[in-house]
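Novice: Structure below; questions to follow.
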Amino acid sequence: MGDDPASAVYVRNKERALEAAAMRSFDHRLPAATDQATLLALIGRLNHDPAVHGILVQLPLPRQIDTAAVLAAIAPDKDADGFHVTNAGLLAVGRPAVVPCTPLGCLMLLRHVLGPGLAGRQALVIGRSTIVGRPMAQLLLAADCTVTMAHSRTRDLAEACRHADILVAAVGRPELIRGAWIKPGAVVIDVGMNRLPPACGDSGGGRLVGDVNFAEARAVAGAITPVPGGVGPMTIACLLVNTLAAACRQTGQPVPADAMP
Ligand code: GUN
């Protein structure tokens with residue numbers, strides 16, 4: 001809904017991935033001035049449509065819309081993003097839940113480089129958003145990591161970083177995390193997506209950078225995700241995974257084991 005330029009790019013990438021996976025998608029684009037009742041009525045219809053197994057409302061929504069009310073209107077078993085409070089609550093108490101796509105993708109990346117056993121590792125999550133930071137911390141806790149949460153108001157972020165075997169940065173501050181803060185050999189996942197101001201003489205937007213200073217950090221880290229091209233494609237893959245798992249549950253078929261955290 002609306003005309004957020006970043007959302008347009010994200011939605012296009014999601015549609016391309018769905019098409020490549022031969023998953024059918026239904027695109028509903030609403031003008032920015034649409035009222036909340038119209039949006040809620042659409043979600044209600046999709047909740048009851050047996051051809052639809054997963055629903056995603058791209059955020060941010062225009063100002064007149066109560067985002068929490070919209071997310072709460074999505075049937076929890078069709079909640080492809082895992083943003084419904086029922087799914088957030090299930091994740092928080094360690095029960096099977098639809099897990100938000102970005103942290104789910106981060107967990108898959110971590111297991112890819114570190115193996116399935118993450119028990120006992122020191123994990124630092126920087127950022128406390130409901131989309132990334134909080135569910136990421138819950139997933140790492142469920143994987144038996146020792147989890148610390150930091151955020152933009154943490155007093156000594158450099159000191160917190162020095163202890164982390166796993167560092168997930170999702171704070172939205174361009175290149176905040178310096179190479180010298182990182183424990184040698186740590187696995188660094190950079191969820192940040194920040195557009196720098198255009199350099200002198202450049203037309204258009206500036207460079208896209210993460211929350212970590214990549215050039216510095218890559219010399220110290222054991223593994224690190226680039227921005228762009230690291231976490232973003234993994235997030236989209238996890239959206240397909242969540243939708244496939246939802247379709248299996250709704251049609252009484254077994255959910256593939258690797259679709260679950
Ligand atoms: N806006 C930014 N990230 C996301 C996401 O993961 N899902 C949705 N629905 N909107 C977003």
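Novice: Step by step: first the residues of the range 1-12, then only those that are away from the ligand (no atom under 11 Å from the Cβ) and under 18 Å from G229 (Cα atoms), then the one that is surrounded by the most Cβ atoms within 10 Å (Cβ to Cβ). Which residue is that?
Specialist: A8
Novice: Using the structure shown, decide if A72 is over 20 Å from the mean Cα position of the chain (by Cα) and aliphatic (A, V, I, L, M).
Specialist: So A72 does not fit the description; no.
Novice: To continue, here is another question. L124 passes all but one of (1) open to solvent by less than 20 Å² (accessible area, probe 1.4 Å); (2) in contact with a strand residue (DSSP E or B) (Cβ under 6 Å, 6 or more places away or on another chain); (3) not in a strand (DSSP E or B); which number fails?
Specialist: Status for L124: all satisfied but (3).
Novice: Restrict the check to the range 59-68 and report whether at least one residue is closer than 17 Å to D81 by Cα, assigned to a helix (DSSP H, G or I) and away from the ligand (no atom under 11 Å from the Cβ).
Specialist: There is at least one residue in the range 59-68 that is closer than 17 Å to D81 by Cα, assigned to a helix (DSSP H, G or I) and away from the ligand (no atom under 11 Å from the Cβ).
Novice: Go through the range 174-196 residue by residue and tally those that are modelled with pLDDT under 95 and surrounded by fewer than 15 Cβ atoms within 10 Å (Cβ to Cβ).
Specialist: 2
Novice: Tally the residues that are touching a residue at least 60 places away in the same chain (Cβ under 8 Å) and out of contact with any helix residue (DSSP H, G or I) (no Cβ under 9 Å at 6 or more places or on another chain), restricting the search to the range 29-72.
Specialist: Selection size over the range 29-72: 1.
Novice: Mind checking which strands (runs of 3 or more DSSP E) fall wholly inside the range 139-242 and carry at least 3 residues that are closer than 16 Å to L114 by Cβ?
Specialist: 166-169, 187-190
Novice: Okay, moving on. Inside the range 197-221, can you point out the residues that are open to solvent by 30 Å² or more (accessible area, probe 1.4 Å) and at pLDDT below 95? If you could, list the steps in order and put the result at the bottom.
Specialist: Within the range 197-221, the subset open to solvent by 30 Å² or more (accessible area, probe 1.4 Å) is 197-205, 207-208, 214-216, 218-220.
Of everything in the range 197-221, those that are open to solvent by 30 Å² or more (accessible area, probe 1.4 Å) and at pLDDT below 95 turn out to be P197, P198, A199, C200, G201, D202, S203, G204, G205, R207, L208.
Novice: While we're here: Every residue in the range 150-161 that is surrounded by 15 or more Cβ atoms within 10 Å (Cβ to Cβ) and more than 18 Å from T102 (Cβ to Cβ), please.
Specialist: T154, L157, A160, C161, listed by residue number.
Novice: What number of residues within the range 89-108 are farther than 12 Å from N242 by Cα, in contact with a Cys (Cβ under 8 Å, 6 or more places away or on another chain) and of a type outside the set (A, V, I, L, M, F, W, C)?
Specialist: Of the residues in that region, 0 qualify.
Novice: Restricting attention to the range 82-101, report how many residues are open to solvent by 20 Å² or more (accessible area, probe 1.4 Å), within 12 Å of the ligand (Cβ to nearest atom) and in contact (Cβ under 8 Å) with a residue 60 or more places away in the chain.
Specialist: Total meeting the criteria: 0.
Novice: Within the range 130-144, is even one residue on the phi < 0 side of the Ramachandran plot, open to solvent by 70 Å² or more (accessible area, probe 1.4 Å), out of contact with any strand residue (DSSP E or B) (no Cβ under 7 Å at 6 or more places or on another chain) and acidic (D, E)?
Specialist: Checking the range 130-144: not a single residue is on the phi < 0 side of the Ramachandran plot, open to solvent by 70 Å² or more (accessible area, probe 1.4 Å), out of contact with any strand residue (DSSP E or B) (no Cβ under 7 Å at 6 or more places or on another chain) and acidic (D, E).
Novice: Right, another one. State all residues of the range 231-261 that are away from the ligand (no atom under 15 Å from the Cβ) and in contact with an Asp or Glu (Cβ under 7 Å, 6 or more places away or on another chain); if no residue qualifies, say none.
Specialist: Of everything in the range 231-261, those that are away from the ligand (no atom under 15 Å from the Cβ) and in contact with an Asp or Glu (Cβ under 7 Å, 6 or more places away or on another chain) turn out to be R249, Q250.
The values are calculated or read from the model by the stated rules, or taken from the named source; none is laboratory data. Just so you know, these numbers come straight off a predicted model, no measurement behind them. Every residue, glycine as well, gets a Cβ built from its backbone with ideal geometry; the counts of neighbours run over all protein chains shown. In case anyone asks, the SASA skips ligands and DNA or RNA and just uses the protein heavy atoms, side chains included. Shrake-Rupley method; radii C 1.70, N 1.55, O 1.52, S 1.80 Å.
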